[in-house]
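This report refers to the structure that appears directly beneath it.
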Amino acid sequence: MDDFDLDLGAAEREMRTAEDRRVVLGVLDGETDPDEWIAEIARGNLLVLAVEGDLNERAAGFAGDVKDAGGTLVHFRGFLVIGPPDLPIDTDRLG
């Protein structure tokens with residue numbers, strides 16, 4: 001049998017747990033590189049961004065990528081709420 005190196009410690013450090021996830025508050029004003037928002041979603045975080053300016057213009061750099069990856073985007077009362085693919089955003093109570 002071939003000898004192989006299995007580093008369980010490294011594997012455990014790479015595993016994402018619920019404790020590693022967080023809600024990230026920010027401002028969508030064109031100042032933050034869209035790749036930073038994409039990276040937060042890839043980490044499994046929920047974004048709540050106050051929209052300053054035109055929503056479509058501000059989100060154009062990342063919205064398509066988030067949707068293509070299975071994430072959810074919801075515009076609610078001046079905020080853009082963005083959830084990763086495994087965290088659905090329930091809008092049923094909005095009417």
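Table for the structure above
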| quantity | calculated |
| --- | --- |
| Flag if Ala39 is assigned to a helix (DSSP H, G or I), modelled with pLDDT under 95 and of a type in the set (Gly, Ala, Ser) | no |
| Residues of the range 65-94 satisfying the condition of being exposed (fewer than 11 other Cβ atoms within 10 Å of the Cβ) and assigned to a helix (DSSP H, G or I) | Asp68, Asp92, Arg93, Leu94 |
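The values are calculated or read from the model by the stated rules, or taken from the named source; none is laboratory data. Quick caveat: nothing in here was measured; it's all calculated off a predicted structure. In this analysis, Cβ positions are derived from the backbone assuming ideal geometry, glycine residues included, and neighbour counts consider all displayed protein chains.
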